[in-house]
Structure formats: structure tokens, C-alpha cells
């Protein structure tokens, strides 16, 4: 965990991480909140609580299933709890010793909460996509995957709970375990409407989640779940862990790190931890810890004896499933239809965005930064550029000229190859200073690498995104040296790299390069400039708009 010395430093980091999460989820900016058209039916009453089947239309033609639990015979408006499930076999209907979603929902309802248990994508009633998707390059270009859909569903669940007349919209809590814990801390990181949370068995420094629904490309570049979990601060949170999974170190490592963030707000009392001696779970002991925490902070009842779990009556699965003996509504879309709607939303938002918004979205998709400082090492005409603390090393040639005009040349075959070109000869003959660089995995910077791991892109930039960063670093070197104007020339496929670098750079350049048939289709990006989320961020059209006056 990085050390944040001031609240302002943390708040800046938090704001950055929020946008990084939303970009990785394909939710930057958020889609329109279209009508949910809630269908609530099949009411069951069990004395002091009721259960109903529910379908919500979270996107046009896309339906989320769940069960709504409500207290009976209690006065006043109630706080509400959103509760996603983890990767249990029966999803929101799982009931076993290690995890029972119905048991926690019924007990919460008896305690005086309105509770909505809802599906992960691909589980129970939410069947228009499988759970495991989003791995195809074409899907990744648009940030279309289960993590984004689930995060959007969670946002819409809060909308739904706040719309219920018996719910106090200012008192919303959330809890889930395992993958449901991931959903909990991802939502609380981006949605301040959740005022209390209990992520169970998931905030870990040593394991970040094993499913595509927890590992969208770009999500954890330079970040990890402890920081994301800490974004709940200073709202009250309990971190429940166990001795027999990846949260075994929580009392000694993750909890103190998160508590330090709460200390920056002067509220270390609002984060607690409890560890259960059990396998990976949300068992009765874990549930009772959450009941007590929520009871103290939400209900104002600090008497722990009031929150011992009571036995529950389990309903038949068919009485809980919204689609038992029913079909999806007539307007329900297929997976392909949902993907097309996702792209349509992105295109419409990009077309309406101003230049500042487009530049920000492309910058987050590329995980690009304008360096505060660039370190240069020279030996004759050889140069090596780097950013402090980043570990990158960009080799090349630096040929100073008579004037302060400069040219930055990028060749996919490397700086040595570019130096033999007629264009470089023309620049040097005219007295222009010339910088030739070997961007990531080109020229002398090519290194053999092992095969990429399953979720490599969750934690690492793509090769092409790294190339854009190297160009930005070189541009910053020239800018800090006072070189103007700067011609940025890309040979061959490097013309696309230089275009996107110019699009996100905060300084103007003279662009020189032929896109050579690159028209911005998904196949163009897959073959020539693969960056997850780049199409969702506006793609080629956005880059061309931002560089219109630079060519």
C-alpha cells in the first residue's frame, strides 16, 4: 500500500482511481439511466417478512433478476441493503454452511431492512450473457465484459432501492462475499450513495480475484484492491476475513493499510475488522459480525445480543426464480444485441463529448501520463530517456540542430532504421534537432518475453499503449528543453502511435504520417493498435478531432 501523507494527496489518488475503474468497466461516462420498469411479483409472506421475485431493465432490453425482501408489520421508512452473491453454485439462492444468501437476507429483513439480493451476470435469472465473456479482443476494445455489466447493475440496484416508497434513500448499505465482496468495494469506490459496507473475504493484497467479472483490462494498472477498498473512507466499513483464504493476513496487513486512510479523515473509528476461523465463506459467524456492525451504525443499536441469527424457512427454488415458468420480456436482447447497444451508447457519447472529455477518456484508456520530469542520459549522439520511479528506459539518437525547432521520429523498425531515411536527412540538413527513439518492443528495445498470463491486461498496458507513453515521454523531454515547433513523424504503422500520442499530449505538435489504410474499425485496432477500451473512449474519430489542427 502506498503511503499517503495528506488527505489532499489521497483525495487526488481516489479521484484518479474512480475514473480508472469506470473506464475499465466501460462506464466512462455512465450510460443514461433509462427506466428500470421493475417487475415485482410472486409475493411470499412469512410472518415478519416478505419475499418477491424481481426483474429490472438495467439497459434497454437487458434484465437483472433478484429477490426483494421486506420487513412486515414495522412502521416508518427503512434502510436498504444491496447484496450481491459470490461465485457459489446456486448464486443468490445458495444455502449451505459456508454461505447462505437467503439466511442473511431474511435476517436483515427481520431486523428492519429492505434487502435486494441480485444476480451476477450469467447466474439464475440474468441469462442474456454467460458469466465468462469479455475475453475476445473485439469486446475488450469496447470494455464490454462482465465486470462492467455487474457494476452497472449495482448502480441501477441503488437506483431501484432508492425509488421504493418504504425506503429511506439516504440510508443505503451493501454487503457481499467473495465475488460479491468485489462487487461491493467496486461499487462503493464509484458510488457515494452507499453509506455503509461490509465486503467479506475479498479485500486482499495477495489475490485480486479469479474471474473475468473481477478482472477487466486496465482495472489495476498501478493499483490493487486494498486501495480500491479504501475508497470507502470515511464511510463506515467492516472488513470480514478468514484464516483459510487470501484474507488470512487482513488483521495484520490490509486492515492497518485501510485504517491509515480513515485516519487521514480523522475517523479511524469507522473502519473495523473481524477474522473468522473457517474456509472461504460468508457463514453464520461472519454474517452475525455484519449484523452487529450494521445494527450499531445504521439502526443505532449497539446491543450485540439483538443480532444473533435466527433460523429461517427456505423457499423452493422455483418460488424464488423470476423466470420459473416465464420467459424474458418481449424486448429482451441477445448477447450480440446487448453488445451492439453497448457500442451504440459509446458512439453517441463520444459524438457529444467536448475535446477535454475526449482527451481524458483516451488518456485513461491508454493509461498515459504527461511526465512531470524526464531524465536523460547522453553519450555522444546516443540518448536514454526515463521517468523517475517508473522503470522505463527509452533508447535512441539525439542529433542537436542549429535551431530550437525539433522533430521526433518513430519507426516501427527502430531508431537505427529511421536514421537512414531521407526524411531524417532533410531535417538535419535544415538545422532541426532530431530525436529518434526505440519505443516499446521496437529496435534495440526488443526483448523476449514469457507468454502473458490470463489477466495480464488487468495489471499491464498493452504494447501499443506502452509505445504511446514512450512517445509522450520523448515529447515531454523536448518540451522541457524549450524546443518549438515540434514535428512528430510516424513511419508506417507508427503513424497510428504518433496520432494517439498527439491526441492526448497537452502540447501542440505538427503531425506527419500516413495512416496507410487505418480506418478505425475493430479489425484495424486489433491488428495494428490494440488497446483495451480505446473504442469505448472514442477511437480514431476522437483522436482525429483532437489533432485536427496539428496536421
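Projecting label points 7 angstrom from Cα along Cα→Cβ for residue 32 and residue 96 puts them 4.4 nm apart. When the alpha-carbon atoms of the range 104-187 are used, the pair Rg, Dmax equals 14.7, 47 angstrom.
Eigenvalues of the alpha-carbon gyration tensor of the range 150-203, scaled by 5 and square-rooted, set the equivalent ellipsoid semi-axes at 20, 11, 9 angstrom, largest first. The modelled label-to-label distance for the pair residue 5/residue 50, using points 7 Å beyond Cα in the direction of Cβ, is 5.8 nm.
Treating the angle as unsigned and between 0 and 90°, give the value, to the nearest 10°, between the Cα long axis of helix 101-111 and the longest Cα principal axis of the chain. So the inclination is approximately 60 degrees. In the range 354-550, inverting the average of 1/r over every pair of distinct C-alpha atoms gives 16.9 Å as the Kirkwood radius. May I ask for the percentage of alpha-carbon pairs in the range 219-345 that lie more than 23 Å from each other? Everything past 23 Å amounts to 56 percent. Available extension along the chain between residue 354 and residue 516 is 55.6 nm, counting 0.36 nm per residue and deducting the alpha carbon span. Rounded to the nearest 10 degrees, the angle from helix 284-294 to the longest Cα principal axis of the chain is 80 degrees. Legend: translational diffusion of the range 444-487 by Stokes-Einstein, Rh = Kirkwood radius over C-alpha pairs, 37 °C, 0.692 mPa s; D = 255 µm²/s. In percent, how large is the relative contact order of the range 298-417, given Cα pairs closer than 8 Å and 6 or more residues apart? After rounding, I find 9 percent. Computed from label points 7 Å out along Cα-Cβ, the spacing between residue 381 and residue 420 is 1.4 nm. Of the beta bridges in the chain, as assigned by DSSP with both residues counted there, near 50 percent are antiparallel. Residue ranges 16-22, 321-327 sort as 16-22, 321-327 when ordered by packing (mean number of other C-beta atoms within 10 Å per residue, highest first).
Using only Cα atoms, find the angle between the long axis of helix 355-366 and the longest principal axis of the chain, and express it within 0 to 90 degrees, rounded to the nearest 10. Tilt relative to the chain: about 80 degrees.
The candidate values are (i) 105, 54, 48; (ii) 90, 52, 39; (iii) 74, 73, 43; the one derived from this structure for Cα extents along the principal axes in Å carries the label (ii).
With contacts taken as Cα pairs under 8 Å and at least 6 residues apart, the range 354-550 reaches a relative contact order of 25 percent. Residue separation of residue 314 and residue 373 scaled by 0.36 nm, minus their Cα-Cα distance, works out to 15.1 nm of gained length. For the range 328-424, the equivalent ellipsoid derived from the Cα gyration tensor has semi-axes of 44, 17, 15 Å, listed largest first. Counting only DSSP beta bridges whose two residues both lie in the range 329-451, roughly 70 percent are antiparallel.
The helix-only estimate of mean residue ellipticity at 222 nm for the chain, built from DSSP H runs of length n ≥ 4 each weighted as -39500 (n - 2.57), is -10000 deg cm²/dmol after division by the residue total. For the chain, the relative contact order works out to 14 percent when only alpha carbon pairs closer than 8 Å and six or more residues apart are counted.
Read the figures in this text as sums done on the coordinates, not as results from a lab. Since we're looking at a predicted model, the values are computed, not measured. When we count neighbours, we look across all protein chains shown, and the Cβ atoms used for this are built from the backbone with ideal geometry, even at glycine.
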